[in-house]
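Just so you know, all these numbers are worked out from the coordinates, no wet-lab data involved. Just so it is clear, the model here is predicted, and its values are computed rather than measured. Cβ coordinates were reconstructed from backbone atoms using ideal geometry, including for glycine residues, and neighbour counts include every protein chain displayed.
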Amino acid sequence: MKVVDSAALLVRSVPYGESDLVATFFTETEGRVGAVLRGARRSTKRFGGTLEPIHELVVRLEDRGRELCVLKEARIARPRQGIVSSLAAMEGAGRALRWVRHLCPNRTPEPRVWHGLRDLLDALDASREGAGVGVLLVTFGLRLLAETGYALDFERCARCGKLCPPGRPAFVDAASGGLVCMNCGGARRTMGGELRAIAARLSNPRSTGTDASELAAVTDAHASELLLIIEEAMAAHTDFAG
């Protein structure tokens, strides 16, 4: 039997049987892991009210080689009360957690995704009244797609590799992996040159963060359009349904 001690985030919990819960955690060391919580519905004292999304947990899991581990202990290591007090931040955090649940494979460590998600939640926790939620989500979503093998290319045709000149509008098909040139059939959706440039910068994995000038360049309309493209890509490759 393997014992796992790890930082974790709760991404889902559902009732199981008469008194148990089945939880899905995204852990720092093991990636996405499912676990059964014995007696969690029968007694609120079982885990002391620690099993809430958004707050960073430390969990102890028993892995007996079955589909589900068994949760033995859990405690809150990093509360994020700033998120809890903002509806916009709560919705943004919940959206990011759903993305991770659908895109990250089971029991596969994803350290870059873990640190990116932690940074996103910390940024949402520190934001005033949920300011900047859209661009923070877009940045995380684009890089999550890249880390899980579904990167979107906003500079070249995803089919033939032809470079699209900077500043030009272009067709984009999220299911195909980004831009699609006219010679390759185009697509129903188009992106303006400014939006393409923003998307390319935000999806750049070499960038460690988003500075104030980057935030200022992304309007709510930009963020909304890019979030649609991101979630179209997720739906095309996984069971994510928005």
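Quick one: length gained pulling LEU163 to GLU73 fully straight, 0.36 nm per residue minus the C-alpha distance?
27.2 nm
Divide by every residue of the chain the summed helix terms, -39500 (n - 2.57) for each DSSP H run of at least 4, and state the resulting mean residue ellipticity at 222 nm, rounded to the nearest 500 deg cm²/dmol. Provide the component values of the computation, followed by the final result.
Working: 7 runs with 86 residues, N = 242.
Mean residue ellipticity, 222 nm, calculated: -11000 deg cm²/dmol.
First measure r as the distance between the Cβ atoms of SER224 and ASN106, then evaluate 1/(1 + (r/R0)^6) with R0 = 30 Å and state the FRET efficiency to the nearest 0.05. Please list the in-between numbers first.
Working: r = 31 Å, r/R0 = 1.04.
So the FRET efficiency works out to roughly 0.45.
With unit charges on the beta carbons (Lys and Arg positive, Asp and Glu negative) and the dipole taken about the Cα centre of the range 2-78, which residue among LEU71, ALA8, GLY34 sits farthest to the positive side?
LEU71
With θ set to phi - 60° and the Karplus curve 6.51 cos²θ - 1.76 cosθ + 1.60, what are the ³J(HN,Hα) couplings of the range 105-122 in order, to the nearest whole Hz, using x for Gly and Pro?
Taking θ as phi minus 60°, the curve returns x, 5, 6, 10, x, 10, x, 5, 5, 4, 5, x, 5, 4, 4, 4, 5, 5 Hz for the range 105-122.
Would you mind getting me the FRET efficiency between VAL14 and ARG38? Use the beta-carbon distance for r and R0 = 22 Å, nearest 0.05. Present the calculation step by step, with values, prior to reporting the outcome.
Working: r = 15 Å, r/R0 = 0.67.
It comes out at approximately 0.90.
Under 5 Å between amide hydrogens, which residues at least 5 positions from ARG32 or on another chain qualify, with H placed 1.01 Å from N in the peptide plane?
Under 5 Å from the amide H of ARG32: THR27, ARG107, THR108.
Ordered by packing density, taken as the mean number of other Cβ atoms within 10 Å over each peptide's residues, highest first, how do 231-242, 167-178 rank?
Numbers: 231-242: 15.8, 167-178: 19.1.
Those peptides, ordered most packed to least, come out 167-178, 231-242.
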